[in-house]
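The values are calculated or read from the model by the stated rules, or taken from the named source; none is laboratory data. Worth saying up front: this structure is predicted, and the values here are computed from it rather than measured. Cβ placement follows ideal geometry from the backbone for every residue including glycine, while neighbour counts extend to all protein chains displayed. Note: areas computed on protein heavy atoms with side chains; ligands, DNA, RNA excluded. Shrake-Rupley method; radii C 1.70, N 1.55, O 1.52, S 1.80 Å.
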Amino acid sequence: MKRLFGLSSHPIRFLPIARSLLFLTIACGANAAAAQSQVSPDNAKPDNVPTVQLKLPPWVRECNLRALARSMTKPTNAPDVSHASAGSASGVRAPQYKVVADKLISPQGVAIDAAGDLYVTDSDLQQVFKITPDGTRSTVGSGFMVPQAVAVDGAGDVYVADSQAGVIYKVTPDGVQGTVGSGFYMPMSVAVDAAGNVYAADPWEGFVAQITPDGTQTNLGSGYNTPVGVAVDAVGNVYVADTYGAAVFKIAPDGTQTTLGNGLVAPMYLAVDPAGDLYVTDTGTNSLAEITSDGTLTTVKRGLDVPIGVALDASGDLYVADSFSERVIKIDDKD
């Protein structure tokens, strides 16, 4: 993973020129490799240091270019209204949707608690927002560097994956803030189950961790390329979105690992409903996909603009952080 991003010897993890953290990291690697290729002989690296060769997928190159272009313009952050899709193609539903959070810059992760409160991480604003059903907005926690993903448990504890700080934060309802787990370099996602076990994926180190309430930490699954997203269902199955691997892995409680989602391009984040149906943001196709419990893959919504986080509420409605459109949308998934 470090060789893939080309940053193992580079002093800067991120450059403040793009709005999506994952693509920003990859862009840094590309910039580092390009700069390395232009180093003068007097400053050349030793012969025993391998040269980084980056072969970025087309969707990454496109997002990098768009991120750079967007960074040169001031975001409009204009409010939006409810929408309905103009039509549907084969295998594509046309659900209603509306904007539930705007005036953001780089929304990444989303979560919903039992009361219907929406939590959103904004990596550029370096904040985690809580938005109540009546629209009241407040912040949760403090001191974040790049808050990437968010999860909330039944007790109202909020978990934040800070990919720049390399830690998972836990913020209790009364505002006490601490950390969970250790050994992370770039945690990109976080999930929590009903028993209080916390799950986090670190694409830089290439592992997915489970942290029990007593602090015991173990790694789950194997063979990942770029594990970015993680989710857990009611019976303890863990799902991992491997973005560069273009696959979703399911890890059963007994450790059995299977592959889902044949046909995805760049799966990012995940949400799972009580029936075991999985929802996946696919940044490679700018769409939201559903993988049913029998393995059928369909497209829920196309035409998104770098979708990252996804969450489900108790009614089955979907929330998507549409990063480059600087907003969170709610999709009515009822047929």
Could you identify the single residue in 321, 311 that is among the hydrophobic types (A, V, I, L, M, F, W, C), surrounded by 20 or more Cβ atoms within 10 Å (Cβ to Cβ), more than 20 Å from residue 236 (Cβ to Cβ) and touching a residue at least 40 places away in the same chain (Cβ under 8 Å)? 321
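Here is a check on your reading of the model: is residue 281 outside any loop (DSSP other than H, G, I, E, B) and surrounded by fewer than 24 Cβ atoms within 10 Å (Cβ to Cβ)? Walk me through how you get there before you give the answer.
On the way: outside any loop (DSSP other than H, G, I, E, B): yes; surrounded by fewer than 24 Cβ atoms within 10 Å (Cβ to Cβ): no.
So residue 281 fails the test.
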Single unsatisfied condition, residue 292 versus (1) free of Cβ contacts under 8 Å to residues at least 60 places away in the same chain; (2) of a type in the set (Val, Ile, Thr); (3) crowded, with 19+ Cβ neighbours inside 10 Å: (3)
Yes or no: the stretch 246-256 includes at least one residue that is among the small types (Gly, Ala, Ser), at pLDDT 95 or above, open to solvent by less than 40 Å² (accessible area, probe 1.4 Å) and more than 16 Å from the chain's Cα centre (by Cα). yes
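May I ask you to verify whether residue 211 is farther than 22 Å from residue 313 by Cα and modelled with pLDDT of 95 or more? Step through it out loud before you land on a result.
Values: farther than 22 Å from residue 313 by Cα: yes; modelled with pLDDT of 95 or more: yes.
Considered against the rule, which asks whether it is farther than 22 Å from residue 313 by Cα and modelled with pLDDT of 95 or more, residue 211 comes out as yes.
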Would you check if residue 169 is touching a residue at least 12 places away in the same chain (Cβ under 8 Å), assigned to a strand (DSSP E or B), open to solvent by 10 Å² or more (accessible area, probe 1.4 Å) and touching a Gly at 6+ places or on another chain (Cβ under 8 Å)? yes
